[in-house]
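In what follows, a structure is listed as structure tokens, so that the remarks can point back to it.
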Amino acid sequence: MASHRPDRPEHKLTINRARPTASVVQPSSATGAPSPHTPVGQRSLSSIYGSPSSSYRSDDDTVVLEIGARYLRAGFAGESSPRCILNFGPDEQRRVGDYRQWDPEYSRKRRKRKKGQEWGQEHELWRMDLRDLDLGLVTDKLERAVREVQHKHVMLDGRQKRVVLAMPPTMPKPLLSCVLNTLFTGFAPHPMGITLVSTPVLAAVAAGLRSALVVDIGWAETTVTALYEYREVLQRRSVRAGRMLSEEMGKMLTREAAKMVGRPEPHGADEVSFDEAEEALTRVGWCFSREQARQHQSAQDFPAGTNDALDTSMSIPLPAADPPSTLQIPFKRLAEPAETALFASSTLRTDLDDHDQPIGLLTYTALLSLPLDVRAVCMSRILITGGVSNLPGIKRRIIQEVSALVAERGWDPVKSYGSALRNPQAILRERDRNRQSDTGPLPAQSPGEESSGAPAADTPSLPPAFRPPERDPIAEKLHELNTKGQKPPSLASCVALRH
Amino acid sequence: MAQQFPYTYYACCVNISSSSSIAQKRSSRVATAHEEDEDRTFDPRSPRANYSLYPLEHLLYCDDCQQIRCPRCYTEEIVAWYCPSCLFDVPNTQVRTEGNRCQRNCYNCPICTSPLQVNPLEHSSHLAPEGSSGASYFLGCPYCNWSSLDIGVEFAKHTGITAQLAKLKSARQSQAKKERHERAENKDIKDTDPPNAPPTHDDLFTNLRSFYKDTLSSTNPVNPLSFDPTLYNSPPSVTRLMNLYAPPSAKRAKAAKPTPMREAHSPSEGFLPLSPTTEDATIARMAQAGWDGLTSTAQRVQQQHPTTKFVDDLWPVQTRLLTRRAKRCATCRHILTKPDSKISSTRYRIRILALDKIPRLSIRALAAHNTPHPSFPITVSSTASSSTTASRFEYESLRPGVMTQYLLTLHNPLFEPIRVTLGTPAVTPGNLASRVTVLCPQFEVGANTDVWDEALNSSAALSSKSKTQPGDAPIQAEAGKVWERGRNWTSVVVEIVPGFPGDTVVEVPVFVRLEYEYEHPDAAVFEKMREEGGAKVLEVPELGKQTREVAFWTVLGVGKVAGG
């Protein structure tokens, strides 16, 4: 809040910079108006960080919608969970009067992927590649879902509604206009307005934070967004996310099914459908911790009997297989898909492309490319959200990966110095000295500087955080100039001068 | 398809927006004339067709617009809320606060979603408590045998289950909270301790909410006596303008940095830090529980918190309320249906169905002519006895490349005779190019007059074609002639040659256009009103006979080509 001192010192005032909102109308006499005015509603005082104010405003009819690639969540503001979560699977996209999904035989039939379709494509509402996306179809799907929300779950009728739409911050414009069109026509008669809020910001608000590094592991991609005071500072993305994970789970189950029948290579009939893979993933899938992953990898080379509590076997029924079968899979193997898809632990670092960085590395590079101050704030505030974040063990793993990377590399953006095998600190210092000698050659300083090179080389192990701050002659001079004839400065100005 | 062959779908709202992706739009310059034709054939196999095809029974009709109305072109208004399980009415004001759920004793099984029953607990077993003061009822599923005893829930009374459940839940939560507090106070903060249950989602949410409320009100103390005319006595837009044109010094003063709000620090403020031990415990519990101890996707969606992982944590689901809705035409706002608001009555006050306004198209194979049509299982026919002997026509295995004759019958629900024109593409769109020929595309269908007329008139006058007698020579359909005609129905022959490749459903789009002479039923009354009231009566519909015209696309599902 901006606190503002007007010319007359007897009035203290806080300015409301938030959007004007409907609130209790008070007669102007109550506020002591000297002249007759139409009574203007005294705006409720809410912070500049507007969103929480909705909780104590009358938030009756605020519908909150979150639309992702595979699910639509809808609910009311001020409630702890959404009223409904609708998917965009093929069962929702049938003709009216097509009741085949209620046929008892339906669950026993395995539905094959259509030719030319990617894994799970018919379960998606949209994909970000708009080149061969039928926007009309997206509208149709959305329209049907919004109608269902309206009539089955929200059940607000005729009343004016405020709609809050949570969306990823980078949305293709055609898709966004598609969504807005549907909402404006779908929420009959008319919504009062649609407020767009970006999902990383909402995630931070929901965690009670103002700045955070939001790791959103979604369906098509993982995005890492750095927030600083509710503003998005930086975003990094990778395709290692839900779709890859689910496909990996499907591949593993297919291999296991083939193995059970006795075929060396998976056959067409063994191929596990999307629904089966999805069910197995959400039901029994999990994620190794870092040590477990290392143990598991070494155990593959030297199979050794461990007396672990996790060394049980999980039976996964496949009722749609022909004939219906039950897979017996060691519980530890169910963590393998996450290992391959999200952390790429068996892939060489050099084989990774820019778009498929493993999540740990992605988080680390995002942190690394942040400005120093923002990084300091975000480092301790890593939020992990998105559908895949429900996978047990994944949050722990990401944190472990990031801290391992930090321990290994520090905060040095240069991964490898190649042939420059000298201590990078020393090189930096030398460069620093060269620059200083260029700007102001002061002969008196040179002997001192030469001697200062030696202790730096002696103590390379001391992390920069614990070293005494370096003295900057220019800053000191400025400081002196500023404080000349003034009161001792506050802490804030000192900080400002340092940078 | 799930529907049994043969079937008919009616299309509505086809041309809302042209279906084109960006790629198509880019290439549209080349194919403009071809693709952007207004009268292009409706393609039943396109993915978008699923959203505009309906069985006739699902459609309404707007008398004023003279058009079919589907869920996309009518708006709905809720008339009444009720619980489908106990059929009790819920007043409008309560619906929202109660979360659209029944607040009585209606619960659904968290495992199989069937309604739960309140059963008395028998004390004869070892479960008998020492004193008989204990709980003596539980919720049980009659289908899958789940019972609330599985999650340790018993009730003292058989009524007010919701209140009792809520009390139980809050008691459990406060117990867990107390334990957490004790742990936090007694022991040092160490992660090596066995994990205590993390605070529930609801707890965290309420904590966070109160935290935000407190912080916001403390950082911005509301002072009702503070007064600044530039701010409070002018509309916000004026304030903004003043701000814009204020001298720079004043502006700078206003743009002073806002005092940052505090962040949440502890679970009591809704902030939950990650604890690796909790995740470890979850994984260990998963390994122990096995496939059957973990919840399925369908079960999770039912729960209030869709992150419920274990079957032991499932909570009975309150029955969701249903609504009765009136429907209005989105274009002219006329009411199409209006149900009675009383839950016990199934009557409609207003109901204009497409079924009563639009001719019903039904198709069946001519070879199966004598067997009753699936839609009309009971047909009074002289050849009914022979239907059992006639071989059943296999709609599921049509032979590609072989012509099959079908009989398309139109039933007229209107009280006026109609003139029908049928249009089909010669070759069906899509991969499977089947050739279609309607032998008689233009014909008339009689009015839906009194059923007795047919019986009283001589049968010879009605049927234009002599009925084939069993044992006759192969049926010969003539081009340009109606096959058979009745009181309010007419049949024509359609020849279809299914194309390659096989294993695909054959669907034929048919454009139906009908014309009829229409006279307002109350024309005489209006005439009288006009005579009496002169020019005052404004809303007098057009009188006299007028020609009305209705046109729509239909899709006939005629069968499936056998594997190829």
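The values are calculated or read from the model by the stated rules, or taken from the named source; none is laboratory data. What you see is a predicted model; the values in this text were computed from it and never measured. Here Cβ is always computed from backbone atoms with ideal geometry, including for glycine, and neighbour counts include all displayed protein chains.
Please verify whether A:VAL146 is on the phi < 0 side of the Ramachandran plot and touching a residue at least 40 places away in the same chain (Cβ under 8 Å), treating the condition exactly as stated.
So A:VAL146 fits the description; yes.
Cβ-Cβ distance below 9 Å, separation of 6 or more or different chains: which pairs start in segment B:541-564 with a residue that is of a type in the set (Asp, Glu) and end on one that is surrounded by 12 or more Cβ atoms within 10 Å (Cβ to Cβ) and modelled with pLDDT under 85?
These pairs meet every condition: B:GLU542/B:HIS520.
Restricting attention to helices (runs of 4 or more DSSP H) lying wholly within segment A:195-290, give those where 2 or more residues are modelled with pLDDT under 90 and away from chain B (no Cβ under 13 Å).
A:242-261
Scan segment A:161-194 for residues that are at pLDDT 85 or above and among the basic types (Lys, Arg) and jot them down.
Result: A:LYS173, single match.
Specify the residue that is surrounded by the fewest Cβ atoms within 10 Å (Cβ to Cβ); the eligible residues are those in segment B:395-429 that are polar (S, T, N, Q) and closer than 30 Å to B:LYS545 by Cα.
To start, the set of residues in segment B:395-429 that are polar (S, T, N, Q) comprises B:397, B:404-405, B:409, B:412, B:421, B:424, B:428.
If we keep only those that are closer than 30 Å to B:LYS545 by Cα too, we end up with B:409, B:412, B:421.
Numbers: B:THR409: 22, B:ASN412: 24, B:THR421: 14.
This residue is B:THR421.
For segment A:70-180, which fully contained strands (runs of 3 or more DSSP E) count at least 2 residues that are within 11 Å of chain B (Cβ to nearest Cβ)?
The strands (runs of 3 or more DSSP E) meeting that bar are A:71-76, A:84-87.
To keep it simple, each residue is scored yes or no on (1) under 21 Å from the mean Cα position of the chain (by Cα); (2) within 22 Å of A:PHE187 (Cα to Cα); (3) not assigned by TED's automatic domain parsing to the domain that holds A:VAL138.
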| residue | (1), (2), (3) |
| --- | --- |
| A:GLU66 | yes, yes, no |
| A:ARG70 | yes, yes, no |
| A:PHE76 | no, yes, no |
| A:CYS84 | no, yes, no |
| A:ASN87 | yes, yes, no |
| A:GLN93 | no, yes, no |
| A:GLN101 | no, no, no |
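Being at pLDDT 85 or above and surrounded by fewer than 14 Cβ atoms within 10 Å (Cβ to Cβ) narrows it down to one of B:GLU517, B:GLU495, B:GLU478, so name that one. Steps first, answer last, please.
Values: B:GLU495 fails: surrounded by fewer than 14 Cβ atoms within 10 Å (Cβ to Cβ); B:GLU478 fails: at pLDDT 85 or above.
Unique residue meeting the criteria: B:GLU517.
Are there strands (runs of 3 or more DSSP E) fully within segment B:28-94 with at least 2 residues that are within 14 Å of another protein chain (Cβ to nearest Cβ) and modelled with pLDDT of 85 or more? List them.
Passing ranges, in order: B:67-69, B:74-82.
Given the criteria of a type outside the set (Val, Ile, Thr) and in a strand (DSSP E or B), does B:ARG324 qualify?
Spelling it out, B:ARG324 is indeed of a type outside the set (Val, Ile, Thr) and in a strand (DSSP E or B).
Criterion first (surrounded by fewer than 16 Cβ atoms within 10 Å (Cβ to Cβ), under 22 Å from B:SER147 (Cβ atoms) and among the hydrophobic types (A, V, I, L, M, F, W, C)) does B:CYS102 satisfy it? Quick ask: steps written out before the conclusion?
Working: surrounded by fewer than 16 Cβ atoms within 10 Å (Cβ to Cβ): no; under 22 Å from B:SER147 (Cβ atoms): yes; among the hydrophobic types (A, V, I, L, M, F, W, C): yes.
Judged against the criteria, B:CYS102 is not a match.
In this structure, does B:SER237 turn out to be more than 8 Å from every other protein chain (Cβ to nearest Cβ) and at pLDDT below 80?
Working: more than 8 Å from every other protein chain (Cβ to nearest Cβ): yes; at pLDDT below 80: yes.
So B:SER237 fits the description; yes.
Pairs, please: C-beta under 7 Å, at least 6 apart or cross-chain, first residue without any contact (Cβ under 8 Å) to a residue 24 or more places away in the chain and facing another protein chain (nearest Cβ under 10 Å) and in segment A:376-397, second assigned to a loop (DSSP other than H, G, I, E, B) and surrounded by fewer than 18 Cβ atoms within 10 Å (Cβ to Cβ)?
Short answer, once both residue conditions are applied: A:LYS395/B:LEU274.
Tally time: how many residues in segment A:467-492 are of a type outside the set (D, E, K, R) and modelled with pLDDT of 75 or more?
The number of residues fulfilling the criteria is 10.
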